[in-house]
Amino acid sequence: MGSILGGAMKETMDENMKKNQEFMLKTQQIQLGRQLQMQNAMRERQMSMQLAGAREMFNWLATFYGIATIGMFAGFMKSKKPAVLIPFLPLSFVVGYQADYVYGGKVSRIREEAERIMKEEYSILQLPAGIPDFKSIEEARLKAEGKSS
């Protein structure tokens, strides 16, 4: 009779363990999905802050460009020396680049190039010593604790 109860108990425990493992797996999947969503939301916030900062910088740069251009043309009209207009060309490229970045399609082209690099040139993205693993992190932690103690 003891072996019958033991077998039934073992079977019940195995069933409960299997259900618990399935529950834990689902919980981990949900948690991972939430973490990925949170990381993506943080990435989007960081990108929007960078783009907003670049737009603010562009406003200042465009204002400077406008004032400098007026000054250069006024200087040219007064002195008739074309050398006064020399800064106009490089400033035009800088302002044009910034305008394309903050209001044009530069971000899309950068994203497309990044995707191409990830597909075709993935090897250049590899970390020098590979991806850190638990062992290397733990060794570094223990080494740091040994030095600080």
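The values are calculated or read from the model by the stated rules, or taken from the named source; none is laboratory data. These figures come from a predicted structure and were not determined experimentally. Note that we place each Cβ from the backbone using ideal geometry, even for glycine, and neighbour counts take in every protein chain shown. Surface areas here come from the heavy atoms of the whole protein model, side chains and all, with no ligands, DNA or RNA. Shrake-Rupley method; radii C 1.70, N 1.55, O 1.52, S 1.80 Å.
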Of Phe93, Phe64, ordered by accessible area with the largest first and a 1.4 Å probe, the sequence is Phe93, Phe64
Taking Cα atoms only, helix 2-79 is inclined relative to the longest principal axis of the chain by an angle, in degrees rounded to 10, of 0
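Would you please name the GluC sites (Glu not before Pro) within the range 110-149 that are DSSP coil residues with at most 16 other C-beta atoms within 10 Å of their C-beta? If you can, show how the numbers build up before the last one.
Working: sites: Glu112, Glu113, Glu115, Glu120, Glu121, Glu138, Glu139, Glu145; in loops: Glu121.
Answer by residue number: Glu121.
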Once all protein chains are kept in place, Thr69 shows an accessible area at probe 1.4 Å, nearest 10 Å², of 20
Reported to the nearest 10 Å², Leu89 has, with a 1.4 Å probe, an accessible area equal to 110
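What percent do you get for the relative contact order of the chain when only Cα pairs under 8 Å and 6+ apart count?
Working: 26 pairs, mean separation 24.5, N = 149.
Rounded, it is 16 percent for the chain.
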Measuring from the longest principal axis of the C-alpha atoms of the chain, the long axis of helix 134-148 (C-alpha) lies at a number of degrees, nearest 10, equal to 80
